[in-house]
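The structure appears below as structure tokens.
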Amino acid sequence: MKTTRQITILGSTGSIGESTLDVIARHPDRFQAFALTANNNVEKMFAQCQRFQPRFAVMLNTASAEQLASAIKSAGIQTEVLAGIESLEKVASLPEVDAVMAAIVGAAGIRPTFAAARTGKLVLLANKETLVMAGRIFMDLVKQHNATLLPIDSEHNAIYQSLPHHFNGNLTAAGISRILLTASGGPFRRAPLDSLASVTPEQACAHPNWDMGQKISVDSATMMNKGLEVIEAHWLFEAPPEKIQVVIHPQSVIHSMVAYVDGSVIAQLGNPDMRTPIAHAMGYPDRIESGVSALDMFKVAHLDFEEPDFKKFPCLGLAYQALAAGGNMPAVLNAANEIAVESFLKRRMPFTAIPLMIEHVMKTMRQEEMSTLDDVLRTDEQARDAAQNWLANLQ
Ligand code: NAD
Ligand code: MG
């Protein structure tokens, strides 16, 4: 019987990828890094290969893969270096792999995440964009191939921990009245509405509680992150939108809650550190040490709650709209948001243009049903084109 779990980390050089390796390093008897993947950060990937000696390292970018391969050869490391999207799919689906940490950012993560589900892996899902783009298709695939899906996103992991043990996807049968999805409110929670037009990428990326990649940091600043998470919760827990309530909780200590018909509310608390949900999902059903310090209630002292401001953060409303519309609309929302965030980060448009671009693209794209991954990828491409056109006209 195999004793160590072989893990592929998609996006190992990112924020979630590094936290995952930190947890792996604490439990060499339980986990082994089988494959590590990245876009183009050769230096970080080389350091990770030296330390973790994975069987495979994949760089999306071919030139980066060549650079890495030569460094690895000179250092006498045994890791085999591969390149391209097909190789990402390969290391997510090889028979030796037990679990796949899906931690690529954005739509770029969808193909390898699908490959992991299609081969029945334990899928540890950080890449929420996969569920936003292809919720029904992805959940069906997971079922069809007997894959196991565990949420890494801290809110969804908290909800998972707060559900009854034998939850079978039926909220009503489980006596659940609402899911309370907590949100920090981001760096602009207190900023006046008329100050948002001039905020910089640096200000938007300075999250008060969490240290994350750039894209999700901007998503937190616009609150699109919470919008994407509403859609993510809808698919993971079969929750209708009216049963998912966003609650602003600036301390980020309660990571989400489940409310029951008898009046009980079950919450999961902890310091804001992604190693907690990562260790929970990686060790499941065991509890394993994560490196996160114990929550000091006296230091926390206060837990505050507020209602979200849909006027100041229109992205949140757009996400509810996309979910209600269904079909291709969440994928359209996601693609337009990715172009909007990238354009803002490149200083090609102001922060306040982000929801305007997304709204425009949602209005221009025809509502359609999708039934395959190809449908999703086509929608993604068309919505990106529409977003780029809008930007070109703006300038
Ligand atoms: P990040 O930007 O720090 O890292 C992204 C990783 O993906 C890197 O390893 C990068 O090399 C790789 N990558 C980027 N573009 C790629 C491409 N085109 N093809 C292949 N690989 C590519 O991002 P992150 O903050 O770690 O977030 C990763 C995912 O986890 C996102 O979907 C995010 O929403 C989700 N998530 C992150 C956090 C967090 O605290 N950082 C919390 C919850 C959910
Ligand atoms: Mg989250």
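Here is a yes/no grid of residues against (1) part of a strand (DSSP E or B); (2) surrounded by fewer than 18 Cβ atoms within 10 Å (Cβ to Cβ); (3) more than 16 Å from ligand 2 (Cβ to nearest atom):
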| site | (1), (2), (3) |
| --- | --- |
| His156 | no, no, no |
| Tyr160 | no, no, no |
| His166 | no, yes, yes |
| Asn170 | no, yes, yes |
| Ile179 | yes, no, no |
| Arg189 | no, no, no |
| His207 | no, no, no |
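From the list Val332, Val341, which one is of a type in the set (A, V, I, L, M), over 19 Å from Glu155 (Cβ atoms), touching a residue at least 60 places away in the same chain (Cβ under 8 Å) and not assigned by TED's automatic domain parsing to the domain that holds Cys205?
Values: Val332 fails: touching a residue at least 60 places away in the same chain (Cβ under 8 Å).
The conditions single out Val341.
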Q. Mind checking whether some residue in the stretch 229-251 is surrounded by fewer than 19 Cβ atoms within 10 Å (Cβ to Cβ), within 16 Å of ligand 2 (Cβ to nearest atom) and assigned to a loop (DSSP other than H, G, I, E, B)?
A. yes
Q) Which residue pairs have Cβ atoms under 8 Å apart, sit 6 or more places apart or on different chains, and have a first residue in the stretch 210-237 that is aliphatic (A, V, I, L, M) and at pLDDT below 95 and a second that is more than 8 Å from ligand 1 (Cβ to nearest atom) and in a helix (DSSP H, G or I)? A) Met212/Ser220
**Q.** Residues located in the stretch 365-395, provided they are farther than 25 Å from Ile85 by Cα and not in a helix (DSSP H, G or I)
**A.** Met365, Arg366, Gln367, Glu368, Glu369, Gln395
Q | Matching entry among Ala117, Ala99 (being more than 20 Å from Asn39 (Cβ to Cβ), away from ligand 2 (no atom under 16 Å from the Cβ) and in contact (Cβ under 8 Å) with a residue 60 or more places away in the chain) | A | Ala99
**Q.** Residues within the stretch 142-154 that are away from ligand 2 (no atom under 15 Å from the Cβ) and in contact with a Lys or Arg (Cβ under 6 Å, 6 or more places away or on another chain), tallied
**A.** 2
Q.
So, Ser70, is that one more than 23 Å from Thr148 (Cα to Cα), among the polar types (S, T, N, Q) and surrounded by fewer than 22 Cβ atoms within 10 Å (Cβ to Cβ) or not?
A. yes
Q | Neighbours by Cβ (under 7 Å, 6+ apart or cross-chain): first from the stretch 1-19, surrounded by fewer than 17 Cβ atoms within 10 Å (Cβ to Cβ); second in a strand (DSSP E or B) and modelled with pLDDT of 95 or more | A | Thr4/Phe31; Thr4/Gln32
Q. Gln78: within 19 Å of Asp22 (Cα to Cα) and at pLDDT 95 or above, yes or no?
A. no
Q. Among the residues of the stretch 252-272, is there at least one that is farther than 18 Å from Ser162 by Cα and not hydroxyl-bearing (Ser, Thr, Tyr)?
A. no
Q. Does the stretch 120-128 include one or more residues that are farther than 28 Å from Ala340 by Cβ and surrounded by fewer than 24 Cβ atoms within 10 Å (Cβ to Cβ)?
A. yes
Q.
Which condition from (1) more than 9 Å from ligand 1 (Cβ to nearest atom); (2) at pLDDT 95 or above is the one that Ile9 breaks?
A. (1)
Q. Considering Met282, Met297, which residue is of a type outside the set (Phe, Trp, Tyr) and either touching a residue at least 60 places away in the same chain (Cβ under 8 Å) or assigned by TED's automatic domain parsing to the domain that holds Pro241 (or both)?
A. Met282
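Every residue, every condition in (1) within 16 Å of ligand 1 (Cβ to nearest atom); (2) basic (Lys, Arg); (3) assigned by TED's automatic domain parsing to the domain that holds Ala92, yes or no:
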{"site": "Met133", "(1), (2), (3)": "yes, no, yes"}
{"site": "His145", "(1), (2), (3)": "no, no, yes"}
{"site": "Leu163", "(1), (2), (3)": "no, no, no"}
{"site": "Leu181", "(1), (2), (3)": "yes, no, no"}
{"site": "Ala191", "(1), (2), (3)": "no, no, no"}
{"site": "Ala197", "(1), (2), (3)": "no, no, no"}
{"site": "Ala206", "(1), (2), (3)": "yes, no, no"}
{"site": "Met212", "(1), (2), (3)": "yes, no, no"}
{"site": "Ile216", "(1), (2), (3)": "yes, no, no"}
Q) If you check Ala116 against the conditions, is it surrounded by 24 or more Cβ atoms within 10 Å (Cβ to Cβ) and assigned by TED's automatic domain parsing to the domain that holds Glu229? A) no
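The values are calculated or read from the model by the stated rules, or taken from the named source; none is laboratory data. Note that the coordinates shown come from a computational prediction; the quantities given were computed from them, not determined experimentally. Positions of Cβ are generated from backbone atoms using ideal geometry, with glycine treated the same way; all protein chains shown enter the neighbour counts.
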